[in-house]
Amino acid sequence: MTALQQTTAALDDDLNQVKGTLRVLAPVNLGRGLLAPAWASFLTAWPAIRLELTLSNQNEDLWRHGADLAIRVGAQDDPKLRQRRIGAIELALVGAPAYLARCGTPTHPDELAQHELLVIEPLGPWQFHSGDELVELSPPARCRLNELALAVSLAEAGLGLLYCPLPFCHEAIESGRLVRLLPGWHTPQRPVYAVWPQQQLPRKVRVLLEHLSDFAQAIPLLQGETPD
């Protein structure tokens with residue numbers, strides 16, 4: 001076999017086998033929360049894979065990390081990356097019963113300016129719509145932070161109202177530690193994408209992409225829905 005044939009055979013083997021190192025980037029709370037069972041089931045199904053999973057709340061550079069795939073939330077406009085939408089996350093305005101007893105319950109988004117607010121970065125403006133009325137706010141924050149679990153804890157402690165991705169406050173709502181507010185108003189959904197830098201995906205990346213997509217389709221909170 002010539003050197004060229006050996007190189008071609010090695011490339012074909014790398015493209016078509018589900019084995020070796022797979023480098024993935026994902027947001028911290030999503031990666032260690034709702035997606036945690038997906039990593040476990042993938043590694044169980046494919047024992048020849050070595051998964052290198054980097055969690056960060058920043059959109060890390062795939063090329064700098066040598067990543068094969070990244071999970072990102074929100075619109076993706078990088079023309080150098082290919083993408084596939086795998087889900088969506090609903091947003092909710094919530095507050096603790098103790099805070100509402102002390103400061104009152106807002107009935108319209110315009111009233112939020114009179115409240116203590118906890119602002120998660122980088123969610124951007126708070127948006128609400130009801131019928132033909134659309135309200136968009138860039139609220140001043142009592143506390144501005146970039147960690148969802150901590151933001152939920154502060155809201156549970158009664159320190160302010162929180163505009164939060166529903167998957168990360170759903171349990172607190174169900175248990176009564178938080179109350180969902182403005183029931184007559186709708187909030188936008190944030191799409192969840194898998195993105196990757198290669199045009200021709202190795203089979204190991206394709207298999208992970210399908211695994212994550214199938215997993216997300218079965219989770220209502222990852223499809224912009226509230227579980228029954």
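Values in this text are rule-based calculations from the coordinates and carry no lab data. All of these numbers come straight from a predicted model, not from anything done at the bench. Note that we place each Cβ from the backbone using ideal geometry, even for glycine, and neighbour counts take in every protein chain shown.
Considering only beta bridges that DSSP places wholly inside region 86-162, some 55 percent are antiparallel.
Counting helices only, and only those DSSP H runs with n ≥ 4, report the 222 nm mean residue ellipticity of the chain as the sum of -39,500 (n - 2.57) divided by its residues, in deg cm²/dmol to the nearest 500. Rounded to the nearest 500, it is -8500 deg cm²/dmol. Helix 3-16 versus the longest principal axis of the chain: what angle, 0 to 90°, nearest 10, using Cα atoms? Taking Cα atoms only, the helix is inclined about 30 degrees. Spatially, region 136-180 and region 182-212 are offset by 24 Å when compared through their Cα centroids. Using a simple spin-label model with pseudo-atoms 7 Å out from Cα toward Cβ, GLN199 and SER153 lie 4.8 nm apart.
Would you mind computing the Rg to Rh ratio of region 90-189 from its alpha-carbon coordinates, Kirkwood style for Rh?
Dividing the radius of gyration by the Kirkwood radius yields 0.92.
Axis of helix 203-217 versus longest Cα principal axis of the chain: the two differ by about 30°, to the nearest ten degrees. For the chain, modelled as a Gaussian network with Cα springs under 10 Å, which listed residue fluctuates most, ARG144, ARG64, ARG180? In the Gaussian network model the winner is ARG64. Among ALA141, ALA194, ALA101, the largest mean-square fluctuation in a Gaussian network model of the chain, built with springs joining Cα atoms closer than 10 Å, belongs to ALA101.
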